[in-house]
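Below is one structure; the comments refer to it alone.
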Amino acid sequence: MKRFKISTILSILGLIGLIIVFYFNRSQLNSVFNLLGNLRWYVIVLVCIVQVSSYWLNGLYYRSILRIFGYQVDIKHLFKGALATNFINYILPTAGMAGAGFLSQVLIKEVPRGKSVLTQLMRYALSALAVLAMMPLGFVLILLSHNSAHPVVRVTVISALAITVLAFMIVGFVYQEKLLRHFLEWIITTLKRIFKKINTDGVANFIDEFYAGFHVMVKQKQRMLTPFAWSIIYILVEISTFYLVFLAFGRVIDPGIAIMSYLFANIASILGGVFFSVGVFEVGMAGTLVALGLPFAFAVSVTAVYRVLNLVIGLPPGAFYYHKFLPKKSAVD
């Protein structure tokens, strides 16, 4: 039987995923083409520069937390890994687990897989915490602009509480090391009955490395402030990028609207990202803009331009580095 390299199969799946993403966003692409004549191009160039810098910030986050584990990884390598991880998270709606697994492939030569996965999971956790930390600023700005009565504020608070509860549940579960180990062992035993070739020793080593990194973080809580600071800066840069899109249309709006729209879009994607990678963020962002008083057509236009720029800037190079980091030697029948 002809043998296919796993890397070839994954490359094809990645290309298919990229095509699907752009297909489902084709209406937004058409809207952007119709609006290009009204955009200030020098601001769009600035948006592109700032957007690229956000991936560099992700690399700085990775470097800061890997240093806590005692690993020194080149920032350029981490920058490429951030692009590839963003790509795989977008085409595979698995609540970020695909990205966590792929980061371990990116860092396979430098860092044990268990610690790499933990690094990515902590990025999600710290990013969610950064979103929650930014909410008071958005609330204050909305209050000052007399928009406090809008229902989106109440919905956002409820969503934030849901994320907080979920985060505490996950952290609490991870702290129950014995329980989690028994649970994973049960899953492995069950899967081994179906897939005989599962490497149980490799899985056990992965769990050991995961908890080795987790215990290091628990013992050095103060050093975790650095990756958290990078997460805050990352959120601020993303909000700045979003606000620049308004300026590209020649509109100056209340910063609170931009902050709350971006934060609520993230909350929506966190809660809905398990099943959908396309549309959840966009609906959350456009819906919040409308709820905060912006015209529907303008809200959709801003959201479309912002998201299409995200796609054009991040996904093609992400697909390139995704292919580059795939395993090159494994093969299956």
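Worth a mention:
- Hits in segment 209-237 - residues which are modelled with pLDDT under 90 and either among the polar types (S, T, N, Q) or in a loop (DSSP other than H, G, I, E, B) (or both): GLN220, GLN222
- The requirement of being assigned to a loop (DSSP other than H, G, I, E, B), of a type outside the set (Phe, Trp, Tyr) and at pLDDT 80 or above is fulfilled somewhere in segment 74-88, by at least one residue.
- Test for LEU103: is it within 14 Å of the chain's Cα centre (by Cα), in a helix (DSSP H, G or I) and among the aliphatic types (A, V, I, L, M): yes
- Count - residues of segment 121-165 that are at pLDDT 70 or above and either of a type outside the set (Val, Ile, Thr) or closer than 23 Å to LEU236 by Cα (or both): 29
- Long-range neighbours under 7 Å by Cβ, at least six apart or interchain, first residue part of a helix (DSSP H, G or I) within segment 277-288, second of a type in the set (S, T, N, Q) and at pLDDT 80 or above: GLU282/THR303; MET285/SER261; MET285/THR303; ALA286/THR303; THR288/SER261
The values are calculated or read from the model by the stated rules, or taken from the named source; none is laboratory data. Computed from a predicted structure; not experimentally measured. Cβ sites come from the backbone with ideal geometry, for glycine too, and all protein chains shown count toward neighbours.
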